[in-house]
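Chemist: After the structure tokens below, expect a handful of questions from me.
The values are calculated or read from the model by the stated rules, or taken from the named source; none is laboratory data. Because the structure is predicted, anything quoted here is derived from the model rather than measured. Cβ: placed from backbone, ideal geometry, glycine included. Neighbour counts: every protein chain shown. SASA here: full protein model, heavy atoms, side chains in, ligands and nucleic acids out. Shrake-Rupley method; radii C 1.70, N 1.55, O 1.52, S 1.80 Å.
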Amino acid sequence: MQRYLYTYALLILALLFTVTSTAFPRSVVPTPREFFGFQPGTDRMLFDYERLIAYLQELDTISPRLKMEQIGTTPLGKPMYVACLSSEENIKRLDELKTINRRLALEATLSSTERETLIKKGRVFALGTLSMHATEVGPSQAAATIAYELVTTTDSQRVHQLENVVYMMVPSHNPDGMDMVVNHYNRFKDTKWDGCSMPGVYHKYIGHDNNRDFVTLSQEDTKAISRLTSTDWFPQVMVEKHQMGSGTARYFVPPAHDPIAENIDAIIWNWTGIFGANMIKDMTDKRLAGISQRYIFDEYWPGGSTTCLWKNVIGFLTEAAGVHIASPIYVESNELSGYGKGLAEYKKSINMPLPWEGGWWRLSDIVTYEIESTYSILKTAANHRHDILRTRNDLCRNEVEKGKTQAPYYYIIPAQQHDPGEAINLALLLQEHGIRIYQLTNPIRISNTQYQAGDIVIPLSQPFRPFLKEVMEQQHYPVRHYTPNGEIIKPYDITSWSLPLHRGVRADEINIRSESMEQQLNEFTKVGLSGTNLNEQCPIAVFSSNNNSSYKAAFTMLNMGLEIMVAEQSFSNDGDSIPAGSFLVKIESDKLSENNLNPTMCLASEPNVPQRLLHMPRIALIESYFHDMDAGWTRFIFDSYSIPYNIIRPGDFKTTNFDKRFDVIVFPNEDNDILMSGKYKSEDNTYSVTSYPPEYTAGIGKDGMEKLTGFLDAGGIIVSWGRSTKLFNGLQSIPHGKESEEFQLPFSDVSESLNKAGLFCAGSLLRVSLQNDHWLTHGLPSELGIFFTGDAIFRTSIPQFDMDRRVIASFPERDILMSGYIEHEEKLANQSAMIWLKKGKGQLALFAFNPQFRASTQGTYKLLFNALLLPKL
């Protein structure tokens, strides 16, 4: 009751003060200390997501300077919000200001008068997304203090900033992870394990990789943030606030280090430099030491939240030195070092003019740095309001004009594809990014290629041309050196993200303009796959193994209890070729239509082709507690394709009866030493203790490994990729009562020796040839691109006893690189990228690459699905 009276009193005071002032006296607005019971940033004290949102909603109730708006939901169903902080007048005009943002961002043909009117009436929208990596708690913990200060300030400079800027604060980019981390921290607080790492990923699926999802847009929280910059609000400035390691600079501000994306206009890079220069000046003026720039981080690859850079947003990130979640640390001066690019020594330099000397480093320090960096961003945005708004429309005009005058002019995606569903999914994804998509209304011939009505056309003459070109073209890494002809600056992350190449979709780059074609285009609308309408004259439905969607349909129908047959050979029907591995089901029209299942075609009678009955495999998915992101991505793919599974931890092997419970065991790309021993292993072959509580560090161990080989010996199927394949390299043992059988599978991993010989591949798409007459390659072309990082490379050997092997995918002699960057690719010539192994009745499918890398390699999904559905021997 007392709480309700308190809130009612605040509402009455709010009405009174609205008449006279937009800044509420601090005695009226609850301080963060009053609301949470502690000052945000206090050692070992954290509020969770729900309390943070409750505080901001209370400020929204009593202050005309703040408006909360829901922007989406998280993968676990929590509401996500943006808190708009500005002057009372601007908050009242939010809808009008959003319209101005949209027009400046997207309209290239504004008259001079109309454009200047919009610039005069507009305000700079600065978007801040906080703590997407949930263990990096400082930015979200600072959010409440920033909001309180902005709704109560009477400082003339701060009021000026609010009059010219709308600060769009996403108080937590990752609400699910925020609650996971806070609950974990509180569980171990004031124990021996105070500040320990959280076991598992701080997200439903992908953990730290949520900052790698802004091209693919696979996650609901990613989609919500992307909509802000792509289709809904169109802010001109964006900052993503992170934390980094503790043993280096205290804070990173823009600009980034080389290399930078070449498709982004120079003016964007210049603006990031202006914001960064002001931040380092303003923060150093406050005697905040250890501010660095042009250090470690580059802005070459899209995929992080700053992907909005390719959409003409002045985007950048900040990084604060971390603590043990909320527990303070003491850093000795000799423990501070520079590393990576931009800060070779931890010394006073142009990239860090005021080094931090060491000592206690606390969450309150991070909060202070976050507050001051935010205020500097608002100050720069306010001081340059007209220039920033004018720049936004200039970029729109420039990019639209480039699309009319510079090749390429269009991308055309023919309707006829190996997997037509992925072509449609690609078009829908681009629409989600704010790209305008069209379809041909009539056949047309361009550059000696005939295109048909219904083919998808994507003109580059549109405001987001940099993004469109970036994700549709083949990637060529911009090689830069530290010194002339010296060491090459290595990529920060991956070097290939071409949507057509990764998805196995044909997309033709058109380098001549056709104004005739431009008159024959209609807006693209999803018309569905080129499937068959269900009716009573369709007793057998066929789902082609060429289509990823057919596998989803097959798993869905197995879950429904339907009987599904698999064609063991290709066959024809009325002139149409049906590939081997396709799924055939006696149709139940109502069930199929209710589940949105669209067959490729219908057959009037049983085809004269060998068939086998498909069974739902019982799958064990191995996931460590060591922030196993690849296992999380695998869970996401399995859930998306209706594939049931059980999670098994490495420490559970000794007590798990694999023979009776499972048909298939899946090992995603996890370090084999973590899997075996629950420890990290360094390059000098020494082990180090982890930062996880001991109950989460148990490995498979010798006994668990014998359980695994026993499962294999009994006819089980093992699917493994990347680093985890090293578990099966070398001497193995199968227990047979008191005796044991030693054996060595007929392959070896030669990646270490090739890497030492100079092979370097930083996440690139490489060409492989497939063996086409194998169950594992059903539905696939004879050649495709795999996403490769050098974690494993196989060489087979002549088998002995009850073993066998087949090379499923191999690198060609030359022209291996399809997109990205590789050094000494000749080392890969004729090496094996995927192999099938047999031991007794058991089978292994080993991948040297991730077949489902970050949910972005749809072109190789079928290799994984076929491995799950391998027939028993």
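Chemist: How do the strands (runs of 3 or more DSSP E) wholly within segment 816-873 filter down when requiring 3 or more residues that are among the aromatic types (Phe, Trp, Tyr) and touching a strand residue (DSSP E or B) at 6+ places or on another chain (Cβ under 8 Å): which remain? Walk me through it before giving the result.
Modeler: Values: elements: 817-819, 832-839, 842-847.
Counting at least 3 such residues, we get no strands (runs of 3 or more DSSP E) at all.
Chemist: Still on this structure, I have one more. Would you mention how many residues in segment 586-621 are closer than 28 Å to Gln771 by Cβ, out of contact with any Lys or Arg (no Cβ under 9 Å at 6 or more places or on another chain) and of a type in the set (A, V, I, L, M, F, W, C)?
Modeler: 6
Chemist: Could you tell me how many of the residues in segment 162-175 are of a type outside the set (Val, Ile, Thr), open to solvent by less than 10 Å² (accessible area, probe 1.4 Å) and touching a Lys or Arg at 6+ places or on another chain (Cβ under 8 Å)?
Modeler: Selection size over segment 162-175: 2.
Chemist: Tell me, please, whether a residue that is modelled with pLDDT under 95 and in contact with a strand residue (DSSP E or B) (Cβ under 6 Å, 6 or more places away or on another chain) can be found in segment 491-499.
Modeler: yes
Chemist: Do we have Gly763 as within 27 Å of Gly421 (Cα to Cα) and touching a Lys or Arg at 6+ places or on another chain (Cβ under 7 Å) here? Give the steps one after another, and end with the answer.
Modeler: Details: within 27 Å of Gly421 (Cα to Cα): yes; touching a Lys or Arg at 6+ places or on another chain (Cβ under 7 Å): no.
Judged against the criteria, Gly763 is not a match.
Chemist: Looking at (1) free of Cβ contacts under 8 Å to residues at least 40 places away in the same chain; (2) surrounded by 24 or more Cβ atoms within 10 Å (Cβ to Cβ), can you tell me which one Glu114 breaks?
Modeler: (2)
Chemist: Open to solvent by 40 Å² or more (accessible area, probe 1.4 Å), under 27 Å from Cys308 (Cα atoms), at pLDDT 95 or above and among the β-branched types (Val, Ile, Thr), is that true of Val505?
Modeler: Details: open to solvent by 40 Å² or more (accessible area, probe 1.4 Å): no; under 27 Å from Cys308 (Cα atoms): yes; at pLDDT 95 or above: yes; among the β-branched types (Val, Ile, Thr): yes.
In short, no.
Chemist: Here's a follow-up. Give Ile260, Ile280, Ile268 a once-over and let me know the one that is at pLDDT 95 or above and open to solvent by less than 10 Å² (accessible area, probe 1.4 Å). First the steps, then the outcome.
Modeler: On the way: Ile260 fails: open to solvent by less than 10 Å² (accessible area, probe 1.4 Å); Ile280 fails: open to solvent by less than 10 Å² (accessible area, probe 1.4 Å).
Answer to the selection: Ile268.
Chemist: Inspect all residues belonging to segment 814-833 and state whether any of them is free of Cβ contacts under 8 Å to residues at least 24 places away in the same chain, surrounded by fewer than 22 Cβ atoms within 10 Å (Cβ to Cβ) and of a type in the set (Lys, Arg). Let's see the steps before the verdict.
Modeler: To start, the set of residues in segment 814-833 that are free of Cβ contacts under 8 Å to residues at least 24 places away in the same chain comprises 814, 826, 829-830.
So of that shortlist, the ones also surrounded by fewer than 22 Cβ atoms within 10 Å (Cβ to Cβ) come out as 814, 826, 829-830.
Subset that is of a type in the set (Lys, Arg): 814.
Yes - at least one qualifying residue is present in segment 814-833.
Chemist: Can I ask one more? Determine which member of the set Tyr645, Tyr687, Tyr680, Tyr692 is within 30 Å of Leu558 (Cβ to Cβ) and among the hydroxyl-bearing types (Ser, Thr, Tyr). It would help to see each step written out before you state the result.
Modeler: Numbers: Tyr687 fails: within 30 Å of Leu558 (Cβ to Cβ); Tyr680 fails: within 30 Å of Leu558 (Cβ to Cβ); Tyr692 fails: within 30 Å of Leu558 (Cβ to Cβ).
None of the others qualify; the one that does is Tyr645.
Chemist: Still on this structure, I have one more. Going by the structure shown, is Leu603 more than 32 Å from the chain's Cα centre (by Cα) and touching a residue at least 60 places away in the same chain (Cβ under 8 Å)? Break it down stepwise before answering.
Modeler: Details: more than 32 Å from the chain's Cα centre (by Cα): yes; touching a residue at least 60 places away in the same chain (Cβ under 8 Å): yes.
So Leu603 passes the test.
Chemist: Among the residues of segment 771-804, write down those that are buried (at least 21 other Cβ atoms within 10 Å of the Cβ) and assigned to a strand (DSSP E or B).
Modeler: Leu784, Gly785, Ile786, Phe787, Phe788, Phe794
Chemist: Right, another one. Mind checking whether some residue in segment 81-104 is within 22 Å of the chain's Cα centre (by Cα), farther than 18 Å from Ala381 by Cα and not charged (D, E, K, R)? Can you show your working first?
Modeler: Going through segment 81-104, the residues within 22 Å of the chain's Cα centre (by Cα) turn out to be 81-82.
Applying the additional criterion that residues be farther than 18 Å from Ala381 by Cα yields 81-82.
Within this subset, residues satisfying the condition of being not charged (D, E, K, R) are 81-82.
Scanning segment 81-104, I find at least one residue that is within 22 Å of the chain's Cα centre (by Cα), farther than 18 Å from Ala381 by Cα and not charged (D, E, K, R), so the answer is yes.
Chemist: Looking at Ile647 and the list (1) hydrophobic (A, V, I, L, M, F, W, C); (2) within 30 Å of Cys196 (Cα to Cα); (3) buried (at least 19 other Cβ atoms within 10 Å of the Cβ), which single condition is not satisfied?
Modeler: Answer for Ile647: the failing condition is (3).
Chemist: Would you be able to say whether some residue in segment 365-379 is under 26 Å from Thr117 (Cβ atoms) and out of contact with any Pro (no Cβ under 6 Å at 6 or more places or on another chain)? Give the derivation first.
Modeler: Taking segment 365-379 and keeping what is under 26 Å from Thr117 (Cβ atoms), we get 378-379.
Applying the additional criterion that residues be out of contact with any Pro (no Cβ under 6 Å at 6 or more places or on another chain) yields 378-379.
Yes: segment 365-379 contains one or more residues that are under 26 Å from Thr117 (Cβ atoms) and out of contact with any Pro (no Cβ under 6 Å at 6 or more places or on another chain).
Chemist: For segment 133-197, give me every one of the helices (runs of 4 or more DSSP H) that falls completely inside it and has 2 or more residues that are of a type in the set (D, E, K, R).
Modeler: On the way: elements: 138-152, 156-164, 175-188.
Where helices (runs of 4 or more DSSP H) fall fully within segment 133-197 and carry at least 2 residues being of a type in the set (D, E, K, R), they are 156-164, 175-188.
Chemist: Could you look through segment 839-873, keep only residues that are within 18 Å of Trp721 (Cβ to Cβ) and among the basic types (Lys, Arg), and pick out the one that is nearest to the chain's Cα centre (by Cα)? Let's see the steps before the verdict.
Modeler: Narrowing segment 839-873 to residues within 18 Å of Trp721 (Cβ to Cβ): 842-870.
Adding the requirement that they be among the basic types (Lys, Arg) leaves 854, 862.
On the way: Arg854: 6, Lys862: 21 Å.
The selected residue is Arg854.
Chemist: Is there a residue in segment 657-668 that is at pLDDT 95 or above, open to solvent by 10 Å² or more (accessible area, probe 1.4 Å), within 21 Å of the chain's Cα centre (by Cα) and among the aromatic types (Phe, Trp, Tyr)?
Modeler: Within segment 657-668, not a single residue is at pLDDT 95 or above, open to solvent by 10 Å² or more (accessible area, probe 1.4 Å), within 21 Å of the chain's Cα centre (by Cα) and among the aromatic types (Phe, Trp, Tyr).
Chemist: Okay, moving on. Just the residues that are open to solvent by 10 Å² or more (accessible area, probe 1.4 Å) and either assigned to a loop (DSSP other than H, G, I, E, B) or among the polar types (S, T, N, Q) (or both), please, taken from segment 216-228. Working first, answer last.
Modeler: Taking segment 216-228 and keeping what is open to solvent by 10 Å² or more (accessible area, probe 1.4 Å), we get 216, 218, 220, 223, 227.
The answer is Thr216, Ser218.
Chemist: Within segment 657-682, track down each residue that is closer than 21 Å to Phe711 by Cβ and touching a strand residue (DSSP E or B) at 6+ places or on another chain (Cβ under 6 Å).
Modeler: Here is the first cut: in segment 657-682, the residues closer than 21 Å to Phe711 by Cβ are 657-670, 672, 674-678.
Those that are closer than 21 Å to Phe711 by Cβ and touching a strand residue (DSSP E or B) at 6+ places or on another chain (Cβ under 6 Å): Phe662, Val664, Ile665, Val666, Phe667, Asn669.
Chemist: Given the options Gly701, Gly722, Gly716, Gly710, name the one that is in contact with a strand residue (DSSP E or B) (Cβ under 9 Å, 6 or more places away or on another chain), surrounded by fewer than 19 Cβ atoms within 10 Å (Cβ to Cβ), at pLDDT 95 or above and not charged (D, E, K, R). Steps first, please.
Modeler: Working: Gly701 fails: in contact with a strand residue (DSSP E or B) (Cβ under 9 Å, 6 or more places away or on another chain); Gly722 fails: surrounded by fewer than 19 Cβ atoms within 10 Å (Cβ to Cβ); Gly716 fails: surrounded by fewer than 19 Cβ atoms within 10 Å (Cβ to Cβ).
Residue meeting the stated conditions: Gly710.
Chemist: Please verify whether Ala105 is among the aliphatic types (A, V, I, L, M), outside any helix (DSSP H, G or I) and at pLDDT 95 or above, treating the condition exactly as stated.
Modeler: Working: among the aliphatic types (A, V, I, L, M): yes; outside any helix (DSSP H, G or I): no; at pLDDT 95 or above: yes.
Here the answer is no, as Ala105 does not meet what is asked.
Chemist: Same structure, new question: On the given criteria, is Glu739 without any contact (Cβ under 8 Å) to a residue 12 or more places away in the chain, under 22 Å from Phe667 (Cα atoms) and surrounded by fewer than 17 Cβ atoms within 10 Å (Cβ to Cβ)?
Modeler: Numbers: without any contact (Cβ under 8 Å) to a residue 12 or more places away in the chain: yes; under 22 Å from Phe667 (Cα atoms): no; surrounded by fewer than 17 Cβ atoms within 10 Å (Cβ to Cβ): yes.
Considered against the rule, which asks whether it is without any contact (Cβ under 8 Å) to a residue 12 or more places away in the chain, under 22 Å from Phe667 (Cα atoms) and surrounded by fewer than 17 Cβ atoms within 10 Å (Cβ to Cβ), Glu739 comes out as no.
Chemist: Are any residues in segment 262-291 part of a helix (DSSP H, G or I) and within 30 Å of Glu401 (Cα to Cα), and if so, which ones?
Modeler: To start, the set of residues in segment 262-291 that are part of a helix (DSSP H, G or I) comprises 266-285.
Hits for segment 262-291 are Ala266, Ile267, Ile268, Trp269, Asn270, Trp271, Thr272, Gly273, Ile274, Phe275, Gly276.
Chemist: Hey, another quick one. Which pairs turn up if I take residues in segment 762-779 that are without any contact (Cβ under 8 Å) to a residue 12 or more places away in the chain and look for partners that are surrounded by fewer than 20 Cβ atoms within 10 Å (Cβ to Cβ) with beta carbon separation below 6 Å, at least 6 apart in sequence or on another chain?
Modeler: Between residues of segment 762-779 that are without any contact (Cβ under 8 Å) to a residue 12 or more places away in the chain and residues that are surrounded by fewer than 20 Cβ atoms within 10 Å (Cβ to Cβ), the close pairs are Asn772/Ser782.
Chemist: Given (1) in contact with a strand residue (DSSP E or B) (Cβ under 6 Å, 6 or more places away or on another chain); (2) within 28 Å of Gln852 (Cβ to Cβ); (3) surrounded by fewer than 19 Cβ atoms within 10 Å (Cβ to Cβ), identify the lone condition not met by Ser514.
Modeler: Ser514 satisfies every listed condition except (2).
Chemist: Mind checking whether some residue in segment 64-73 is farther than 22 Å from Gln243 by Cα and part of a helix (DSSP H, G or I)? Show your work before the answer.
Modeler: Restricting attention to segment 64-73, the residues satisfying the condition of being farther than 22 Å from Gln243 by Cα are 64-73.
Next, only the ones that are part of a helix (DSSP H, G or I) stay: none.
For segment 64-73, residues farther than 22 Å from Gln243 by Cα and part of a helix (DSSP H, G or I): absent.
Chemist: Say we look at segment 75-99 and pick out the residues that are out of contact with any Phe, Trp or Tyr (no Cβ under 9 Å at 6 or more places or on another chain) and open to solvent by less than 30 Å² (accessible area, probe 1.4 Å); which of these is nearest to Pro235 (Cα to Cα)? Walk me through how you get there before you give the answer.
Modeler: So the first thing to find is which residues in segment 75-99 are out of contact with any Phe, Trp or Tyr (no Cβ under 9 Å at 6 or more places or on another chain), and the list is 76-77, 79-81, 87-96, 99.
Of the ones still in play, those that are also open to solvent by less than 30 Å² (accessible area, probe 1.4 Å) are 80, 87-88, 90-91, 94.
On the way: Met80: 18, Ser87: 17, Glu88: 19, Asn90: 14, Ile91: 15, Leu94: 12 Å.
Among residues in segment 75-99 that are out of contact with any Phe, Trp or Tyr (no Cβ under 9 Å at 6 or more places or on another chain) and open to solvent by less than 30 Å² (accessible area, probe 1.4 Å), the one nearest to Pro235 (Cα to Cα) is Leu94.
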